[in-house]
Amino acid sequence: MANTEFEMQDNGVLVPLSNGPKYFNYYWLRDASIASIDPQTRERIFDVSHLPTAPRPTGMAFKNDMLVIDWEAEDTSSEVSLALLEQVAANGRASDVAALERNVWYGNFLPNISKVSQAEVIGTDAGRAALTRALIVDGIAIVTDMEPTEESLPNLVEAIGPVTPSGEGLFFNVRVEINPTNLAFTAGPLEMHTDLPGEEAAPGVQFLHCIENTVDGGASLFLDGVAVAMALKAEDPEAFDLLASHKIPFFYRHDKIDYRSHQRVIETDQDGNVTGVTISQHLQDNMDLPQELLDVYYPAFVKFIRMMQEDRFVMKFRSEAGNCVVFDNHRIVHGREGYVAESGSRHLRGCYTDRAAMRSTYRIASQKA
Ligand SMILES: [Fe+2]
């Protein structure tokens with residue numbers, strides 16, 4: 001094979017691609033061989049740790065849509081997809097149909113919220129793709145025309161992913177209870193929060209099926225936590241850094257449970273971009289950051305919570321019987337205005353699924369739809 005186009009170095013090679021030469025590590029190239037994945041199980045069958053020495057090519061060349069590499073210590077050559085190399089050169093990783101650009105939204109979002117019927121979600125790939133796409137892009141959607149049966153909610157959730165358990169079990173009911181275990185189960189207002197931060201990994205996607213709502217008041221409140229966190233970063237970068245840098249304690253405690261966990265109020269990725277928020281006044285444990293740090297942490301924390309009450313961020317609507325609000329519990333912050341318990345009945349049924357399951361459903365459904 002000719003090496004003329006390739007600049008081989010000690011640990012990797014500059015490969016000439018459409019936008020110029022791009023460096024690839026030899027281990028990565030050996031791992032990326034199409035023969036590393038079993039076509040039947042679609043699992044990796046090549047183990048890089050089994051190589052006797054570090055992989056080193058003796059030659060490489062483009063052949064059709066593959067980069068063919070001969071290796072020093074092996075009898076066979078390997079083939080790496082040129083399309084994969086181009087994707088990695090452009091974005092650092094293989095392309096992912098579920099890596100959709102996020103739409104950050106504000107208090108006026110209600111007319112634009114995605115609505116899909118339960119029959120479409122359960123019965124069609126297009127319906128599943130529409131719902132999961134909205135959850136990835138907007139973090140929230142409404143499923144309409146829910147069957148008024150006991151199996152209605154599980155049937156909907158299972159079209160998206162398996163129901164994931166929480167400290168409340170598989171399903172929970174939000175209505176006035178005589179001996180409530182959670183402020184949600186009273187008629188009082190429920191401040192803006194994400195669910196169950198006391199769990200090691202808080203639930204991913206939340207479903208809230210409105211079975212009945214005839215009370216006065218009790219409007220549902222939602223906001224995009226990413227929008228508020230980005231506004232805080234613009235308006236008070238020091239406050240943002242404090243909330244993004246330190247974990248604070250949360251709990252979920254009752255007779256038979258005592259969950260405790262620490263979470264960052266603002267989650268960021270390695271580039272400092274906001275990936276989510278965690279907030280819950282009613283499940284917040286006593287702060288255990290150093291007392292001197294609290295001198296600056298608390299004002300930042302209070303500022304963020306107060307921003308979450310501002311009209312510019314909060315979308316308000318009345319939950320209608322037959323609708324199910326679905327939202328990303330690591331991004332969308334929700335709450336409820338108080339209502340008059342004697343004025344009628346209000347009953348919501350809820351559960352969760354995993355965000356990776358939701359994205360998996362989008363990848364499959366969007367390709368079939
Ligand atoms: Fe909640």
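Here are some notes:
- Using a Gaussian network model of the chain in which every pair of alpha carbons under 10 angstrom is joined by a spring, one finds that among 152, 319, 36 the greatest mean-square fluctuation is at 36.
- Unit charges on C-beta of K, R, D, E only; dipole of region 144-258, Debye: 240 debye
- The magnitude of the dipole of region 1-109, with charges of +1 and -1 set on the Cβ of Lys/Arg and Asp/Glu and taken from the Cα centre, is near 360 debye.
- For residue 58, nonlocal amide neighbours, meaning residues 5 or more places apart or on other chains whose placed amide H falls under 5 Å from its own, are 70, 71, 72.
- Computed about the Cα centre, the dipole magnitude for region 108-201 is approximately 280 debye when only Lys and Arg (+1) and Asp and Glu (-1) carry charge, each at its Cβ.
- Where Cα atoms sit under 29 Å apart: lysine pairs in the chain separated by 8 or more or lying on different chains: 9
- Ellipsoid equivalent to region 159-199 - semi-axes via the Cα gyration tensor, in Å: 21, 13, 10
- Distance from region 217-243 to region 76-144 (C-alpha centre basis), Å: 24 Å
- Computed over the chain, Kirkwood Rh from alpha-carbon pairs, angstrom: 23.5 Å
- Once C-alpha pairs closer than 8 Å and six or more residues apart are averaged by separation and normalised to the residue number of the chain, the relative contact order reads 23 percent.
- Pair residue 367, residue 245: separation of 7 Å Cα→Cβ label points (nm): 4.3 nm
- For the chain, calculated [θ]222 nm from helices alone, where every DSSP H run of n ≥ 4 adds -39500 (n - 2.57): -7500 deg cm²/dmol
- Cα pair distances exceeding 21 angstrom across region 77-150, given as percent: 49 percent
- The 1.4 Å probe gives accessible areas that order 195, 354, largest first, as 354, 195.
- Apportionment of accessible area to carbon and sulfur, the chain, percent (1.4 Å): 48 percent
- Taking Lys and Arg as +1 and Asp and Glu as -1, the other residues whose beta-carbon sits under 15 Å from that of residue 20 total -2.
- Relative packing of 46-52, 158-164, 224-230, which averages over residues the other C-beta atoms within 10 Å, highest first: 224-230, 158-164, 46-52
- Label-point separation, residue 44 to residue 96 (7 Å along Cα→Cβ), nm: 1.5 nm
- Residues residue 273 and residue 106, FRET efficiency given R0 of 22 Å [Cβ-Cβ distance, rounded to 0.05]: 0.75
- Of all DSSP bridge pairs formed entirely within the chain, close to 95 percent run antiparallel.
- Using a Förster distance of 25 Å, the FRET efficiency for residue 144-residue 177 (Cβ separation, nearest 0.05): 0.35
- Heavy atoms of the protein chains alone define the surface here; on that basis region 26-100 has 62 Å² accessible area per residue at 1.4 Å probe size.
- For 37, 332, the ranking by accessible surface with the largest value first comes to 37, 332, using a 1.4 Å probe.
- For residue 218, net neighbour charge (Lys/Arg +1, Asp/Glu -1) across residues whose Cβ lies under 10 Å away: +1
The values are calculated or read from the model by the stated rules, or taken from the named source; none is laboratory data. Small disclaimer: the values here were computed from a predicted structure and weren't measured. Neighbour counts run over all protein chains shown; Cβ positions are idealised from the backbone, glycine included. Only protein heavy atoms, including side chains, enter the accessible area calculation; ligands, DNA and RNA are left aside. Shrake-Rupley method; radii C 1.70, N 1.55, O 1.52, S 1.80 Å.
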